[in-house]
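The block underneath contains the structure these notes are about, expressed in structure tokens.
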Amino acid sequence: MKILVTGGCGFIGSHTVVELLNQNFEVVIVDNFYNSQKDVVDKIKEITKKDFKFYEDDCCDEAAMRKIFSENKIDAVIHFAGYKAVGESVAKPLMYYQNNLDSTLILAKVMKEFGCHKIVFSSSATVYGDPASLPIKEDFPLSTTNPYGTTKLFIERILKDLAYADKDLGVVLLRYFNPIGAHESGLIGENPNDIPNNLMPYIMKVAIKELPQVNVFGNDYDTKDGTGVRDYIHVVDLALGHIKAIEKIKDETGVLVYNLGTGKGTSVLELIETFAEVNHVDVPYQITERRPGDIAACYADATKAKEELGWEATKNLEDMCKDAYHFVKRVKNL
Ligand code: UD1
């Protein structure tokens, strides 16, 4: 099967491409390097010892997308490409709506034109807003608190409408919880250039002494130790979920929705402590104000993915912390 991976050089995209190649899928990547590094293409080849086609293009460029589909008989698409910074989306909503929605609409249009009927979409647990109860199941009410999240929710709705109208279409919506970690080779991982917004990249910058301390955003939440609780999942586990989704939708139509999480809640302090312990490093922190828009706790009920896809996360928090640090040490030559 030939799979087009949009955003295939990004954090989750690159790990998914590795697993696809490991399982002998043919892969075509399209990426414009907006938020990814060019050397990832070679790193993927180094890890897998396999080759694939790569296009440096923007998914909003309809002519470029048409060229990709005309040069390759694409059987299914995994759609990662998109802007993903919550704070930036609040400041620049037009940019987020335009890019994330346009690219998906163009992709869907070109897929139809070329008779490609299978798509796996990279959605997020952000579509559950502030959940009324935990753990979160796929049929919980949906709402969002920022334009980034709203683009994810809109795209889910668009794909549902398309599948309703086109009975040949098969769609899988994968709602990720908090992906962290890196490939065990240390060759690919998450490497933000600026000051990171997310917790794990921030912890890593503190561990390598590029930043002085982690700011823990509030310790008065109604959680086990007062700090925010999230469902951290190893990016390789997440990548494997995409393979299961492709295998599932190959012979089906309609829309399938799955949470990809571990089902386990971890607090900010637990993550900091685990990281420091398994990597034998200091991770100083201070308690600061809550971050506006944050929720107290968020973790998955992942039983649907287990029952229907035969998928479940196998890596634990220690693996996530070790692999993330291994990657950052290699990048920084430490
Ligand atoms: C965030 C996004 C979410 C997106 C996800 C992608 C927000 C509000 N939500 O999720 O939409 O899908 O990233 O990975 O931004 N924390 C600190 N100090 C820090 C950073 C974070 O204490 O410097 C805390 C947060 O308060 C939270 C936890 O760590 O309790 C995780 O935060 P983060 O990594 O930013 O992820 P989310 O906010 O869950």
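The values are calculated or read from the model by the stated rules, or taken from the named source; none is laboratory data. For clarity, every value in this text was computed on a predicted model and none was experimentally measured. Cβ: placed from backbone, ideal geometry, glycine included. Neighbour counts: every protein chain shown.
From the list A305, A324, A276, the one residue that fits, being surrounded by 20 or more Cβ atoms within 10 Å (Cβ to Cβ), within 16 Å of the ligand (Cβ to nearest atom) and assigned to a helix (DSSP H, G or I), is A324. For segment 227-269, a residue qualifies if it is more than 16 Å from the ligand (Cβ to nearest atom) and among the small types (G, A, S), and the qualifying residues are A245, G254. Taken over segment 107-124, residues that are more than 16 Å from the ligand (Cβ to nearest atom) and closer than 14 Å to I249 by Cβ amount to 6. Only a single criterion out of (1) touching a residue at least 60 places away in the same chain (Cβ under 8 Å); (2) under 23 Å from P131 (Cβ atoms); (3) of a type outside the set (F, W, Y); (4) within 16 Å of the ligand (Cβ to nearest atom) is not satisfied by Q286, namely (2). For segment 68-106, filtered to residues that are under 28 Å from E247 (Cβ atoms) and among the basic types (K, R), the residue that is nearest to the ligand (Cβ to nearest atom) is K84. Report yes if V127 is within 16 Å of the ligand (Cβ to nearest atom), touching a strand residue (DSSP E or B) at 6+ places or on another chain (Cβ under 8 Å) and of a type in the set (A, V, I, L, M, F, W, C), otherwise no. Considered against the rule, which asks whether it is within 16 Å of the ligand (Cβ to nearest atom), touching a strand residue (DSSP E or B) at 6+ places or on another chain (Cβ under 8 Å) and of a type in the set (A, V, I, L, M, F, W, C), V127 comes out as yes.
Quick one: which residue in N197, N193 is at pLDDT below 95, within 12 Å of the ligand (Cβ to nearest atom) and of a type outside the set (K, R)? Step through it out loud before you land on a result.
Numbers: N193 fails: within 12 Å of the ligand (Cβ to nearest atom).
Within the list N197, N193, the selection yields N197.
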